[in-house]
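S.K.: Just passing along the structure, written as structure tokens.
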Amino acid sequence: MTKQSSKIRTRFAPSPTGAPHVGNIRTALFVWLFARHNKGNFILRVEDTDQSRAEQGSIKSILEALNWLGLDIDEGIFKQGQEKGEHGPYTQSNRLKTYRDHAKKLVQAGHAFYCFCSQERLAVISELQKQEKKPPKYDGQCLNLKPEDVKKWLAEKRSAVIRMKVPQEGETSFKDTIKGNITVQNSTINYQVLLKSDGFPTYHLASVVDDYLMEISHVLRADEWIASTPKHVLLYQYFGWEPPEFIHLPIILGQDKSKLSKRHGAISILDYKKQGYLADAVVNFLALLGWNPKTNQEILSRDELIEQFDVSKINKNSPVFELQKLDWMNKQYIKEMSADKIRKALHDIDGLSDEALVFFNKQYRFDKALNLIKDRLEKLSDFEDSVRFLWDMPDYKADILVGKGLDKKQTKQNLEKALELIDRSDDLRQIFLDHCDKSNIKRGDMLWPLRVAITGMEHSPEVFASIEIIGKDESRERVEKAIEKVSFKMAQRPGLEKIQEKVLW
Ligand code: GLU
């Protein structure tokens with residue numbers, strides 16, 4: 001057996017078939033954490049051998065996602081069209097000769113064979129197997145072709161693939177770090193195509209050859225590949241190479257326990273960026289999808305994750321993706337950020353409209369507005385909506401001015417009193433509270449209508465801090481408008497509103 005070097009070398013090997021989703025990037029993160037924890041190398045290889053599924057722009061967005069999350073690459077593709085390292089090229093479509101040479105070596109050694117079966121024939125076999133409820137498997141028709149025939153047909157340029165041979169007796173075993181020993185009967189393993197008729201390798205051949213040539217010591221990948229691993233183990237045996245360690249990561253499920261998809265809120269990682277989630281929160285959240293430090297700690301910094309990331313703590317069971325948890329986590333991270341950092345992060349995601357930028361050109365306004373909502377803010381992208389009332393008063397219904405247990409008349413009176421109190425200098429909150437105590441008015445009865453008058457919303461931030469930001473003149477105008485609204489409401493005959501609605505329609 002040819003031995004690999006003892007350095008820990010891991011790889012993330014995406015196929016460029018679309019936007020980088022939660023599952024892909026969770027794999028990338030685990031691979032990266034494993035490399036960093038063990039002071040090894042993190043390699044990025046592009047597996048683009050299935051050209052029919054390749055999608056333009058896919059690598060660019062994968063790189064952007066890794067870069068956003070701070071998963072730095074030691075070797076391989078690290079920028080669009082650029083690579084570093086001694087084991088390149090790192091894009092499989094640029095390594096076709098290597099795969100062909102290796103496939104041919106296997107044929108020469110008697111571990112693989114040319115197959116000339118037509119697509120039509122294969123379709124018929126597969127249909128029959130379906131009807132007989134047998135697992136799909138090549139029937140071995142070309143296993144024992146005469147060498148002269150093979151030579152002749154190849155010279156005639158007949159379409160052919162190379163398939164691996166598989167012993168029909170015995171079993172193949174390997175150890176998965178998480179799941180333990182896994183053994184399968186060889187008779188269940190298909191005569192896998194290794195090299196397609198267009199000269200491209202299949203994933204199986206390419207990944208085994210590359211993992212070996214790139215001196216990968218640990219293969220961390222999604223659980224869906226575990227069924228392919230016995231084939232890979234056979235290939236390692238055929239080549240006389242020692243296989244890497246296999247670590248298959250549990251599949252991520254949605255809350256209904258089905259395979260995670262868009263409808264569970266799992267979108268492209270870059271959409272989370274656009275929506276104002278923070279990279280650190282996303283890293284923390286993804287790290288806990290299938291792994292945990294076996295303590296109650298849920299908020300872990302990047303350094304803590306690296307230090308504690310031990311693959312023996314990866315769960316066998318599938319983790320469940322909960323968007324609410326990401327929201328919660330993001331909120332915790334936002335709470336810890338300085339106003340300057342948040343301002344910069346908002347800038348990075350284009351999270352402020354032109355009107356907002358004009359309003360916040362006075363820095364104190366931004367800092368104060370942030371303070372109004374910081375503890376409740378789940379996503380940066382919610383920031384502007386939560387504070388827009390500061391410069392753009394929403395239109396609201398007079399009804400919401402009337403607090404619980406109040407009537408319109410009392411509401412109007414309290415607002416009129418508020419208008420008078422707002423003009424006083426000093427600590428407005430204290431002035432209002434003193435007034436409530438002195439006049440025996442419930443604080444809520446005084447403050448509810450005022451808050452709605454100032455913010456235009458039933459659920460809104462603290463009123464005195466809001467008044468401080470928008471200033472007394474604007475606040476007075478808003479309260480005057482509110483008084484007008486309740487007065488108009490009071491003047492209406494009961495039922496008039498309904499009649500008006502009818503007329504309008
Ligand atoms: N190209 C495969 C994928 O995108 C990677 C499989 C592997 O890591 O071996 O899922």
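The values are calculated or read from the model by the stated rules, or taken from the named source; none is laboratory data. All figures in this text were calculated on a predicted structure; none of them were measured in a lab. Using ideal geometry, Cβ is built from the backbone for each residue, glycine included, and neighbour counts are taken over all protein chains shown.
S.K.: Here are some conditions: (1) within 19 Å of the chain's Cα centre (by Cα); (2) closer than 30 Å to Met393 by Cα. Lys368 meets all but one. Which one does it not meet?
M.R.: Every condition holds for Lys368 apart from (1).
S.K.: If you scan region 1-42, which residues turn out to be over 20 Å from the mean Cα position of the chain (by Cα) and within 12 Å of the ligand (Cβ to nearest atom)?
M.R.: Listed by number, the list holds a single entry, Thr10.
S.K.: If you scan region 262-320, which residues turn out to be charged (D, E, K, R) and under 11 Å from the mean Cα position of the chain (by Cα)?
M.R.: Lys262, Asp271, Lys273
S.K.: Can you name every residue in region 307-364 that is in a helix (DSSP H, G or I), without any contact (Cβ under 8 Å) to a residue 40 or more places away in the chain, closer than 29 Å to Asp392 by Cβ and not aliphatic (A, V, I, L, M)?
M.R.: If the condition is that a residue be in a helix (DSSP H, G or I), without any contact (Cβ under 8 Å) to a residue 40 or more places away in the chain, closer than 29 Å to Asp392 by Cβ and not aliphatic (A, V, I, L, M), then Asp340, Lys341, Arg343, Lys344, His347, Asp348, Asp354, Glu355, Phe359, Gln363, Tyr364 are the ones that fit.
S.K.: Hey, among the residues in region 450-505 that are hydroxyl-bearing (Ser, Thr, Tyr) and at pLDDT below 95, which one's surrounded by the most Cβ atoms within 10 Å (Cβ to Cβ)?
M.R.: Ser460
Quick grid of which residues meet (1) part of a loop (DSSP other than H, G, I, E, B); (2) crowded, with 20+ Cβ neighbours inside 10 Å; (3) of a type in the set (Lys, Arg); (4) away from the ligand (no atom under 16 Å from the Cβ):
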{"site": "Ser52", "(1), (2), (3), (4)": "no, no, no, no"}
{"site": "Ile59", "(1), (2), (3), (4)": "no, yes, no, no"}
{"site": "Leu71", "(1), (2), (3), (4)": "yes, yes, no, no"}
{"site": "Ile77", "(1), (2), (3), (4)": "no, yes, no, no"}
{"site": "Lys105", "(1), (2), (3), (4)": "no, no, yes, yes"}
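S.K.: Residues of region 126-142 being surrounded by 13 or more Cβ atoms within 10 Å (Cβ to Cβ) and part of a loop (DSSP other than H, G, I, E, B), which ones?
M.R.: Passing the criteria: Lys137, Tyr138, Asp139, Gly140, Gln141, Cys142.
S.K.: Would you mind telling me which numbered condition in (1) within 12 Å of the ligand (Cβ to nearest atom); (2) of a type in the set (Lys, Arg); (3) in a loop (DSSP other than H, G, I, E, B) Lys257 fails?
M.R.: For Lys257, the exception is condition (1).
S.K.: Also, quick follow-up: Scan the strands (runs of 3 or more DSSP E) fully inside region 159-230 and keep the ones with 2 or more residues being more than 14 Å from the ligand (Cβ to nearest atom) and either closer than 25 Å to Leu44 by Cβ or modelled with pLDDT of 95 or more (or both).
M.R.: Working: elements: 161-164, 171-176, 180-185, 193-195, 218-222.
Output list reads 161-164, 171-176, 180-185, 193-195.
S.K.: Follow-up question, since we're still on this one. How many residues, within region 423-449, are of a type in the set (Lys, Arg) and crowded, with 21+ Cβ neighbours inside 10 Å?
M.R.: The number of residues fulfilling the criteria is 0.
S.K.: Among the numbered criteria (1) out of contact with any Lys or Arg (no Cβ under 6 Å at 6 or more places or on another chain); (2) under 27 Å from Gln141 (Cα atoms); (3) buried (at least 18 other Cβ atoms within 10 Å of the Cβ), which one does Val31 miss?
M.R.: So Val31 meets the others, but not (2).
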